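Student: Take a look at this one; I'll ask things after.
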């Protein structure tokens, strides 16, 4: 029996004759032959199928299923109709029934490519890629010139981590279709998964060359460039994505983060102001705007943003912390204390607020009030390590490091695996001049968390200052820089250990970058000047010593170095 589609033209040709015979009342109609009966059934099936299509277009897949089952009653072995049933089931969110319909279609016609593709895609969407792969392979065999099977097959290979097979499929596709943007794009994805970022970038670029508005390829190219620390290029790519699609909020938010990493805060601020302020995402945008204003020391603008957020969400306690911090930076301490005091004891931010109130008491000369507040809080909440850290911090700012150290060592067994406690103990040992004990505690921090960039930096810099274990120090600092590449102070430490190793060019490269990352830090500027002196580049050394004195005119040590340098220049 012919399928519905195969017999459609024949039915249309027969319809006028049937109509004419019904109007010829003077002649009796001939008895239908078996072939005519079969054709009429198929005609009925075609008509019902047409109705089902209309139901699909009207958004009524359940109604379409009823009609498709009626069509199948007329042509039960139609692979085409069974596949259409599968498509309708998908629209009713019934994937298992869709799978069964596809399998029935394939049972009646193993070479019906549409059923193979649909079944493969359903299985892949369900995470059953190993089951999907044979169907994509078969679909590819049935029509090697179509790229859909090759692309889906490659994607499934990627999902089951068979990267070599994915690459093989895609390269074969590109031999037949060298102008396939999707082929190059997914080849880039395959190489990305294999950590071959440069190769991935090249294939993404080829896909974009063929399809300049290929947004996802641009996004993945940007991410690939990030993975190879080519941040300026990545930023350029993400800017291009936004020029194509200004509404892509995810890319905009990601670009904001890159701007912040690069200390391009004004650029980050300008981009944030173009984003939606609606809903929860809008509150996050405003939070970032407020934090950037805070970082830029534009406290009034930051206060406005944080107050606006709190008007809409009064229980946003972390935002209240930022608001109070703004008042503290403006030296409006009473307002700061008032805002910190609004944070309830039930809040996760409560103990941070208590600690900040104590520090503000100390800042305003209410030292005993600060100490009493923290000691009373510890008595009520002895399990909170942050309270001990705040108390030791107050002692430290009062230039009483021994008391701060005693506060922490008294409870260190209770918080033995708390790296923050151990790190502060290390710092306080250093403050009282016990470097060996400090080094021991820093190593304990690293045994708890080997990726603690702060501890790696402190330990590496300590060795550099001592002039010992410099190769070990270099290892610590290189790791710290890899963990936090945009931290100017860690970069300074790395430059300083290179200086101690007499590797002056590497020292200069890192210290110049540190100066850009942490502008106007006198210690970093002095370090860079010292290295230029060692290199014999006196004009550059003089420039940076002068910058230090412009920031810190009372720095007698640098004034002495500059005086000696000027004498050396004069002697030349």
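No lab work stands behind these numbers, since they all come straight from the coordinates. Small disclaimer: the values here were computed from a predicted structure and weren't measured. Cβ: placed from backbone, ideal geometry, glycine included. Neighbour counts: every protein chain shown.
Student: Rounded to whole Å, give me the distance from the Cα center of the range 524-554 to that of the range 426-476.
Tutor: The distance from the Cα centre of the range 524-554 to that of the range 426-476 comes to 27 Å.
Student: Quick check: the distance between the Cα centres of the range 396-415 and the range 231-293, to the nearest angstrom?
Tutor: 42
Student: Given axes a ≥ b ≥ c from the Cα gyration tensor, I'd like to know whether the range 520-572 is rounded (a/c under 1.5), prolate (a/b larger than b/c) or oblate. Don't skip to the end; give the middle numbers.
Tutor: On the way: a/c = 2.29, a/b = 1.43, b/c = 1.61.
Verdict is oblate for the range 520-572.
Student: Give me the percent relative contact order of the range 144-234, please, defined on Cα pairs under 8 angstrom at least 6 residues apart.
Tutor: 20
Student: Using a ≥ b ≥ c from the Cα gyration tensor of the range 416-493 (square roots of the eigenvalues), is it rounded, prolate or oblate, where a/c under 1.5 gives rounded and otherwise the larger of a/b and b/c decides, a/b for prolate? Provide the component values of the computation, followed by the final result.
Tutor: On the way: a/c = 1.75, a/b = 1.20, b/c = 1.46.
It is oblate, given that a/c is not under 1.5 and a/b is not larger than b/c.
Student: Please determine, in degrees from 0 to 90 and to the nearest 10, the orientation of helix 95-108 with respect to the longest principal axis defined by the Cα atoms of the chain, where the helix direction is its Cα long axis.
Tutor: 40
Student: Counting alpha carbon pairs within less than 8 Å and at least 6 residues apart, what relative contact order, in whole percent, applies to the range 520-572?
Tutor: RCO, the range 520-572: 34 percent.
Student: Take the Cα pairs of the range 353-491, get the Kirkwood Rh, then feed it into Stokes-Einstein at 37 °C and 0.692 mPa s and tell me D in µm²/s.
Tutor: Working: Rh = 15.8 Å.
Reported coefficient: 207 µm²/s.
Student: How far, in degrees from 0 to 90, does helix 163-176 lean away from the longest principal axis of the Cα atoms of the chain, to the nearest 10?
Tutor: Roughly 60 degrees, rounded to the nearest 10.
Student: Per residue of the chain, what 222 nm ellipticity follows from adding -39500 (n - 2.57) for every DSSP H run with n ≥ 4, rounded to the nearest 500?
Tutor: Working: 32 runs with 443 residues, N = 572.
Taking each H run of at least 4 residues, the total per residue is -25000 deg cm²/dmol.
Student: Pick the calculated log10 I(q)/I(0) by the Debye sum over Cα atoms at q = 0.07 Å⁻¹ for this structure from (i) -0.70; (ii) -0.57; (iii) -0.40?
Tutor: (i)
Student: If you don't mind, there's one more thing I want to ask. May I ask you to derive the FRET efficiency for residue 550 and residue 274 from their Cβ-Cβ distance with R0 = 25 Å, giving the value to the nearest 0.05? Could you put the intermediate results ahead of the total?
Tutor: Values: r = 37 Å, r/R0 = 1.47.
It comes out at approximately 0.10.
Student: Another one. Need one number: nm distance between label points at residue 266 and residue 338, each 7 Å from Cα along Cα→Cβ, rounded to one decimal.
Tutor: Result: 3.4 nm between the two label points.
Student: Additional query: Roughly speaking, what % of Cα-Cα pairs in the range 295-398 are separated by over 25 Å, rounded to a whole number?
Tutor: Numbers: 1053 of 5356 pairs.
Cα-Cα pairs in the range 295-398 separated by more than 25 Å: 20 percent.
Student: Rounded to whole Å, give me the distance from the Cα center of the range 143-196 to that of the range 91-133.
Tutor: 21
Student: Relative contact order for the chain: what is it in percent, counting Cα pairs under 8 Å that are at least 6 residues apart? Working shown, then result.
Tutor: Details: 713 pairs, mean separation 20.5, N = 572.
It comes to 4 percent, rounded to a whole number.
Student: Can you give me the angle between helix 556-571 and the longest principal axis of the chain, using Cα atoms only, in degrees from 0 to 90, rounded to the nearest 10?
Tutor: 90
Student: Is the shape of the range 373-447 best called rounded, prolate or oblate, per the rule: a/c under 1.5 gives rounded, else a/b larger than b/c gives prolate, else oblate, with a ≥ b ≥ c the square roots of the Cα gyration tensor eigenvalues? Walk me through the numbers before you get to the answer.
Tutor: On the way: a/c = 2.62, a/b = 1.31, b/c = 2.00.
Cα axes put the range 373-447 in the oblate bin.
Student: Using a 10 Å cut-off around each Cβ, can you sort 161, 350, 429 from fewest to most neighbouring Cβ atoms?
Tutor: Working: 161 11, 350 17, 429 21.
The most exposed by this proxy come first: 161, 350, 429.
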